[in-house]
Amino acid sequence: MFNKIIAALAPYEAKLVAVSKTKSEDDIMRLYDMGQRIFGENRVQELVAKAANLPEDIQWHEIGHLQTNKVKYIAPFIDTIHAVDSIKLLKEINKQAAKHDRVINCLLQFHIAKETTKFGLDYEGAAELLQFLKDNPMTNVRITGVMGMGTFTDDMDQVREEFKTLKSIFDRLKIDWFEKEDSFKEISMGMSGDYPIALEEGATMVRIGTLLFGARY
Ligand SMILES: *Cc1c(COP(=O)(O)O)cnc(C)c1O
């Protein structure tokens, strides 16, 4: 399945975030030995424990909702944080990254699904955050793109519309805020059930767990 997914991503030059939450270090190493280097986790405690035991050239991504008080635990090593949806969180990431003299990549999470329970910004909220960042530059965070989760549904037309929405938000942000910044380039969308659609709609990064590792219990 790994090779099949890699082959599907290739024409789009999209990256695979292998979502290893709840899976063992042996499971991770099996994919690592096949060449995979980007792994995504959502629980901070689990992420910190795995990172301590596994090879240093793994690029760890925090993909879940992140509480401000947990940022300090991952700041020494995290490559990318996918779910940034507040100024408060961004400030804390900047502060903790500075302590380690690092720059942490951040994706702005947008609310694109119909479900009301999911986190994320709307365009106005993002504009407010980016204006704050313009007025108060933060040297230890880099906004590298956007992230979203489609509705959990079998209705693939709906999911496609949601992915189109995220792509159009990205395009608009690019023009309004990041015209000259090449580092703003990532669209993180698509999971096991919908990644082919996400790729068609412009994903540069897909987050896949179940298809790679089997079901989580
Ligand atoms: C768990 C998770 C995934 C992966 O989901 P699968 O359906 O197992 O591929 C992707 N993104 C986020 C934010 C997740 O929490």
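The local environment of residue 129, defined by Cβ-Cβ distances under 12 Å, has a net charge of -2 under the rule Lys, Arg +1 and Asp, Glu -1.
Working note: 222 nm ellipticity from helices only, DSSP H runs with n ≥ 4, each -39,500 (n - 2.57), summed and divided by the residues of the chain, gives -12000 deg cm²/dmol to the nearest 500. A simple charge model with +1 on the Cβ of Lys and Arg, -1 on the Cβ of Asp and Glu and nothing else charged puts the dipole of the chain at about 560 debye relative to its Cα centre. Think of each Lys and Arg Cβ as +1 and each Asp and Glu Cβ as -1; about the Cα centre, that makes the dipole of segment 29-124 roughly 260 debye. Residue order by solvent-accessible surface for 176, 85 is 176, 85, largest first, with ligands and nucleic acids left out and a 1.4 Å probe. If R0 is taken as 22 Å, the Cβ-Cβ distance between residue 24 and residue 152 corresponds to a FRET efficiency of 0.30.
Full extension of the segment from residue 79 to residue 98, taken as 0.36 nm per residue of separation minus the current Cα-Cα distance, would add 5.5 nm. Contact order, relative form, for segment 100-217: 24 percent (alpha carbon pairs under 8 Å, 6 or more residues apart, mean separation divided by residue count).
Near residue 161, once Lys and Arg are set to +1 and Asp and Glu to -1 for all other residues with Cβ below 15 Å from its Cβ, the sum equals -4. Of 100, 61, 82, the residue with the greatest mean-square motion in the GNM of the chain, using alpha carbon springs below 10 Å, is 100. For segment 1-128, relative contact order (Cα pairs under 8 Å, six or more residues apart, normalised by length) works out to 16 percent. Here the translational diffusion coefficient of the chain follows from Stokes-Einstein with Rh set to the Kirkwood radius across Cα pairs; for 37 °C and 0.692 mPa s it amounts to 187 µm²/s. Placing +1 on the Cβ of every Lys and Arg and -1 on the Cβ of every Asp and Glu, with no other charges, gives segment 67-119 a dipole of roughly 180 debye about its Cα centre.
When the Cα positions of 156, 166, 215 are compared along the charge dipole of the chain, 215 comes out farthest toward the positive end, with charges on each C-beta of Lys, Arg, Asp and Glu. In segment 157-217, Rg over Rh equals 1.08, where Rg is the alpha-carbon radius of gyration and Rh the Kirkwood radius from pairwise Cα distances. Bridging of residue 95 to aspartates and glutamates at a Cα separation below 18 Å is possible for 62, 79, 85, 135, once same-chain residues fewer than 8 apart are set aside. Dividing the C-alpha radius of gyration of segment 24-106 by 2.2 N^0.38 Å, with N its residue count, gives 1.08.
The values are calculated or read from the model by the stated rules, or taken from the named source; none is laboratory data. None of the values given here were measured: they were computed from a predicted structure. Glycine gets a Cβ as well: all are built from the backbone with ideal geometry, and neighbour counts include every protein chain shown. Areas reflect the complete protein model, heavy atoms only, side chains present, ligands, DNA and RNA absent. Shrake-Rupley method; radii C 1.70, N 1.55, O 1.52, S 1.80 Å.
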